[in-house]
1. So, of the residues in the stretch 66-90 that are aliphatic (A, V, I, L, M) and at pLDDT 80 or above, which turns out to be surrounded by the most Cβ atoms within 10 Å (Cβ to Cβ)?
2. Does Pro117 fit the bill of being out of contact with any helix residue (DSSP H, G or I) (no Cβ under 8 Å at 6 or more places or on another chain), open to solvent by less than 20 Å² (accessible area, probe 1.4 Å) and modelled with pLDDT of 80 or more?
3. Across the stretch 24-65, what is the total count of residues that are of a type in the set (A, V, I, L, M, F, W, C), modelled with pLDDT of 85 or more and open to solvent by 50 Å² or more (accessible area, probe 1.4 Å)?
4. If a residue has to be assigned to a loop (DSSP other than H, G, I, E, B) and over 21 Å from Gln37 (Cβ atoms) to count, how many in the stretch 74-122 make the cut?
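The values are calculated or read from the model by the stated rules, or taken from the named source; none is laboratory data. The structure presented is a predicted model; accordingly, all values stated were derived computationally and were not measured. Cβ coordinates were reconstructed from backbone atoms using ideal geometry, including for glycine residues, and neighbour counts include every protein chain displayed. Note: areas computed on protein heavy atoms with side chains; ligands, DNA, RNA excluded. Shrake-Rupley method; radii C 1.70, N 1.55, O 1.52, S 1.80 Å.
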Amino acid sequence: MNYVFGQRTKIVSALLGVLAASQAYSQNFEAGRSGWQLERLSENFVLLRTDITALTNGNRSSRQGLLIFACELGGRRIRFQIGSIPNNPSIYVSSQGRAIVRGWFQNQSKPSLPVYPAVQFFEDGSFEFKETAGFSDSIMKGMLGLLRKLPSRLEVVLFKGTETQAFRRGDAMEFSLQGLDRSLGDIYGFEGLCFHSNN
């Protein structure tokens, strides 16, 4: 029985992987060029953040945003602040959904194992992965574990609605990641503070 369940899980993961790979990249970004900053705002509130820049035809544009990993008492969030006004982020959730997130590495033909976070979409076009502290299946741990492996790019496929619905088309985004190797200390430091502060 366990073998059958394991095989089904592998098949579902493979189908989702094929789906993610089949998306046409509609939006491309660069994250991390300015470095990754660890900020401890209080005993129970810690951030890891970096800038995001939109790419148009491979060139950086003036459109800026932020990627923010946040841990606070009782909750953890990963916010892709890429809305139309990054300095005035929307706090209003417009819809819910799911995502598939994978890391791609230089000189490797296969991506990392995927992470499947729940997503909140905001009115300005930003989105956020959110979890309640204490859950055993931690999206934050999965995402930090992925960053520690130093991927060259992050692939995110977003599905609006409460179900992933593997055969429905999603919105694909690709983030070229910079400076992870120089910021490993901050990434490890954030993880330690995050899970120490929320336990």
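1. Ile82
2. no
3. Matching residues across the stretch 24-65 total 3.
4. Total satisfying the criteria: 18.
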